[in-house]
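K.L.:
Before we start, here is the structure in question, set down as structure tokens.
The values are calculated or read from the model by the stated rules, or taken from the named source; none is laboratory data. Note that this is a predicted model, so its numbers are computed, not measured. Using ideal geometry, Cβ is built from the backbone for each residue, glycine included, and neighbour counts are taken over all protein chains shown. Ligands, DNA and RNA are stripped out before the accessible areas are found, and what is left, the full protein with its side chains, is counted by its heavy atoms. Shrake-Rupley method; radii C 1.70, N 1.55, O 1.52, S 1.80 Å.
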Amino acid sequence: MTSTDQQTFLSVRDLKVHFSTEDGVVKAVDGLSFDLAKGKTLGIVGESGSGKSVTNLTILGLHDRDRTAIDGEILLDGKDLLTSTERELERLRGNKMSMIFQDALASLSPYHTIGTQIGETYRKHTGASKKEARARAIEMLRRVGIPQPDMRVDDYPHQFSGGMRQRAMIAMALVCDPELLIADEPTTALDVTVQAQIMDLLKDLQQEFGTAIIFITHDLGVIADIADDVLVMYGGRCVERGTKEEVLRTPQHPYTLGLLSSMPSLEGPVDVPLNPIPGSPPSLLNPPSGCRFHPRCTFTEKVAGGLCSTEQPLLDLIDGRGSACHLSLEQRAEFFADVAASRHN
Amino acid sequence: MSDTTPLLDVSGLTKHFPIRGGFPFPRTIGAVQAVDGLDFQVATGESLGLVGESGCGKSTTGRLITRLLEPTAGKISYRGQDITHAGRKRLAPIRSEIQMIFQDPYASLNPRQTVGKIIAGPMEINDINPAGGREKRVRELLEIVGLNPEHYNRFPHEFSGGQRQRIGVARALALEPKLIVADEPVSALDVSIQAQVVNLLQKVQQELGIAFVFIAHDLAVVRHFSQRVAVMYLGKIVEIADRDDLYGNPRHPYTRALLSAVPEATADETPARERIRLVGDVPSPISPPSGCRFRTRCWKATDKCASEAPPLVQVEGNKPGHLTACHYPETAETVPSPRLAKDPEAAA
């Protein structure tokens, strides 16, 4: 990873999250590891059910403890979050680590003013008075670009537009200057012009405070805009990791390649069919054997001995760059070149 | 544009939703001007894309065309016939020729009906008995949309999101329509599945010669699917053109800003990645700005923009059929590349 020279702030090691449901055990996350340094952004890409949101709820300790079996290690600034008590986590949440969600309206309380909700976190962690908290809330609203913050602080969420709600939620998440911010599809529900505003805002705030950001999205365009490093998840596992440039320019995993070539673009050729990935994402109740992508992969027959359906490929990392695939790197260079030629970048 | 009568001809189409309030005798106190004076045509077999941000009226337009909503003003002609206020009876034969595909593949299929019954539904309603029976036709349709005909007796919950959307497409095709209004047909699907459904729709459009009104907010998807594209902002069409003209030579500042805001999955740090930063939000359609509705967010706006609404015309330098509603259209010289940004502060 490009950030090896910097101090690792968050470290996730071999994380496994399994839920028990009526139908059986769901292996939502199955052996995930990554590191994140301060001031850096890790983009996590994956489709619905790939385990990207579960990973981050687990980091924050927001999972249902009775139904979830967790294995592995999550170190935040050297402290293991998985062995921490609920009280210890409460002290960290909102203070040291924070999260913004996709649906801002559902994440804000309709009965309290924006100012109260931003101030609440601040008061809880700093013991500030109501007056101080209100001043802080106004300052935060100004920082995220809400016009007339001293008036809008007394508004209720329904009086804000979608983009403003998302800004208010960012203000709430950043009110205690957290060192880790987890953003779970924060722009998916927004229009492109507002999405652009929010991403610029996140980048500015990161520069100012050196926050480490985990940015979860399904949109590779957003990744290209905001991430330093990228982790591609499929079926609860990491299939590819690397810097943004490496992953987008020279993808090593057939799934990443498939995602990139299935996206329509503003500049590529038109009047030719898109290249979709066949099939649909796997059920994690009963995931495919071996490589979880093999039922949808077009290269399985190129691997000798049917290895793809019997053996799980290991994530082969050198300096934070690598992928989990049975094809040799030479094979991939050869096969992927044709697909890349039909793409435009 | 064909030289004969267009399949669909819309002029001055307007929809205002009244807002009622007051106690104890509620009365109309205002109106949401969802759609305000649209003019466009769709030729036989053509695909028109409608793009714009949420609240711009694109879905309302789709519902007006299919006559699910009653227009406040304006005229809708289908194959030369005025259907603006046509009643149930007169609409019946036309309804079978205009079909709709919805955004949410979960909400748009009845969970208690089998796939066979869902797809046969339109035939039942219109009392159509194809040769060989309805079941045979349904199996054909399933085959066309890439589903297994043996799944005739399954229920919607047994299918994934992408497969459900295929069922929705099959239902829309059941009556051999001439026009399909597709309202955000792929935006609820995963990226890898989106391409499958876009390809299916494209195949259907080309092989069966069906005209489409394709409503979407994703500019890249629209570019891929539509021959002509209309950009909407706050209930008005601000620009309409052939696909290549619109994406290659956008003249309206809003079109330009919209295009520049789309994040592209490339790792290149070229100037093309710079954006036009639009400030603020879309104003409320209850009291839209006077004159040009985009002026409150436009970096070029002058007093003229506030007093005079720009007409949708072929401004100088546009190819025929390329219409722009702007007093100060962008030119190729001011912005050399369509994706190259202008700094709003510097221009102001």
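K.L.:
When segment B:238-265 is examined, which residues are found to be assigned to a loop (DSSP other than H, G, I, E, B) and facing chain A (nearest Cβ under 7 Å)?
P.N.:
Result: B:V262, B:P263, B:E264, B:A265.
K.L.:
Ok, one more. Within segment A:115-138, identify whether any single residue is of a type outside the set (S, T, Y) and in contact (Cβ under 8 Å) with a residue 60 or more places away in the chain, and answer yes or no.
P.N.:
No, that holds for no residue.
K.L.:
Looking only at segment A:175-191, filter to residues that are open to solvent by 10 Å² or more (accessible area, probe 1.4 Å) and over 14 Å from A:V45 (Cβ atoms); which one of those is modelled with the lowest pLDDT?
P.N.:
Within segment A:175-191, the match that is modelled with the lowest pLDDT is A:A189.
K.L.:
Could you tell me how many of the residues in segment B:277-313 are at negative phi and away from every other protein chain (no Cβ under 14 Å)?
P.N.:
21
K.L.:
Give just the number: which of (1) closer than 17 Å to A:C238 by Cβ; (2) in contact with a Gly (Cβ under 9 Å, 6 or more places away or on another chain); (3) among the aliphatic types (A, V, I, L, M); (4) within 11 Å of chain B (Cβ to nearest Cβ) does A:L259 not satisfy?
P.N.:
(2)
K.L.:
Another one. Residues that are crowded, with 19+ Cβ neighbours inside 10 Å and within 14 Å of chain B (Cβ to nearest Cβ): does segment A:301-308 have at least one?
P.N.:
no
K.L.:
Let me ask you something else. Suppose we keep only residues that are in a helix (DSSP H, G or I) and modelled with pLDDT under 90 within segment A:93-120. Which one would you say is nearest to A:L57 (Cα to Cα)?
P.N.:
Selected residue: A:S107.
K.L.:
Moving on to the next point. Anything in segment A:12-51 that is buried (at least 18 other Cβ atoms within 10 Å of the Cβ), in a loop (DSSP other than H, G, I, E, B) and out of contact with any Phe, Trp or Tyr (no Cβ under 8 Å at 6 or more places or on another chain)? List them, or say none.
P.N.:
Answer for segment A:12-51, where residues must be buried (at least 18 other Cβ atoms within 10 Å of the Cβ), in a loop (DSSP other than H, G, I, E, B) and out of contact with any Phe, Trp or Tyr (no Cβ under 8 Å at 6 or more places or on another chain): A:K40, A:G49, A:G51.
K.L.:
Within 14 Å of another protein chain (Cβ to nearest Cβ) and either under 19 Å from B:H224 (Cβ atoms) or open to solvent by 50 Å² or more (accessible area, probe 1.4 Å) (or both): does that describe B:L189?
P.N.:
yes
K.L.:
Something else about it: Any idea which residue in segment A:157-199 is farthest from the other protein chains (Cβ to nearest Cβ), counting only those that are among the polar types (S, T, N, Q), assigned to a helix (DSSP H, G or I) and over 25 Å from A:S50 (Cβ atoms)?
P.N.:
For segment A:157-199, the residue satisfying everything is A:Q159.
K.L.:
Also, I was wondering about something else. Can you tell me which of (1) crowded, with 21+ Cβ neighbours inside 10 Å; (2) more than 10 Å from chain B (Cβ to nearest Cβ); (3) not polar (S, T, N, Q) is the one A:F209 doesn't meet?
P.N.:
Result: A:F209 passes all but (1).
K.L.:
Hey, another quick one. Take the residues in segment B:50-103 that are in contact with a helix residue (DSSP H, G or I) (Cβ under 9 Å, 6 or more places away or on another chain) and within 14 Å of another protein chain (Cβ to nearest Cβ), then tell me which one is farthest from B:P289 (Cα to Cα).
P.N.:
Out of the qualifying residues, it is B:Q103.
K.L.:
Counting only residues that are open to solvent by less than 90 Å² (accessible area, probe 1.4 Å), free of Cβ contacts under 8 Å to residues at least 24 places away in the same chain and more than 14 Å from every other protein chain (Cβ to nearest Cβ), how many does segment A:139-150 have?
P.N.:
Count: 3.
K.L.:
Can you name every residue in segment A:52-91 that is assigned to a strand (DSSP E or B), open to solvent by 50 Å² or more (accessible area, probe 1.4 Å) and in contact (Cβ under 8 Å) with a residue 40 or more places away in the chain?
P.N.:
Scanning segment A:52-91 gives A:A69, A:I70, A:D71, A:E73.
K.L.:
Pull out all pairs, ordered by first then second residue, where Cβ-Cβ is under 7 Å, the residues are six or more apart or on different chains, the first lies in segment B:92-117 and is under 13 Å from B:F159 (Cα atoms), and the second is open to solvent by 50 Å² or more (accessible area, probe 1.4 Å).
P.N.:
Hits for this filter: B:P105/B:A188; B:P111/B:F155; B:P111/B:H157; B:T114/B:N153; B:T114/B:R154; B:T114/B:F155; B:V115/B:R154.
K.L.:
Then there is this: Kindly indicate whether any position in segment A:255-269 is over 21 Å from A:D225 (Cβ atoms), open to solvent by 30 Å² or more (accessible area, probe 1.4 Å) and at pLDDT below 85.
P.N.:
Yes, segment A:255-269 contains a residue that is over 21 Å from A:D225 (Cβ atoms), open to solvent by 30 Å² or more (accessible area, probe 1.4 Å) and at pLDDT below 85.
K.L.:
Among the numbered criteria (1) more than 10 Å from every other protein chain (Cβ to nearest Cβ); (2) among the aliphatic types (A, V, I, L, M); (3) not in a strand (DSSP E or B), which one does A:V239 miss?
P.N.:
(3)
K.L.:
Of all the residues that make up segment B:194-231, how many are open to solvent by less than 10 Å² (accessible area, probe 1.4 Å) and outside any helix (DSSP H, G or I)?
P.N.:
Residues that pass the stated criteria total 11.
K.L.:
Another question, if that's okay. Just checking, which of B:E269, B:E316 is facing chain A (nearest Cβ under 10 Å), surrounded by fewer than 18 Cβ atoms within 10 Å (Cβ to Cβ) and modelled with pLDDT under 90?
P.N.:
B:E269
K.L.:
Of the residues that make up segment B:157-180, is at least one modelled with pLDDT under 90, facing chain A (nearest Cβ under 9 Å) and surrounded by fewer than 20 Cβ atoms within 10 Å (Cβ to Cβ)?
P.N.:
Checking segment B:157-180: at least one residue is modelled with pLDDT under 90, facing chain A (nearest Cβ under 9 Å) and surrounded by fewer than 20 Cβ atoms within 10 Å (Cβ to Cβ).
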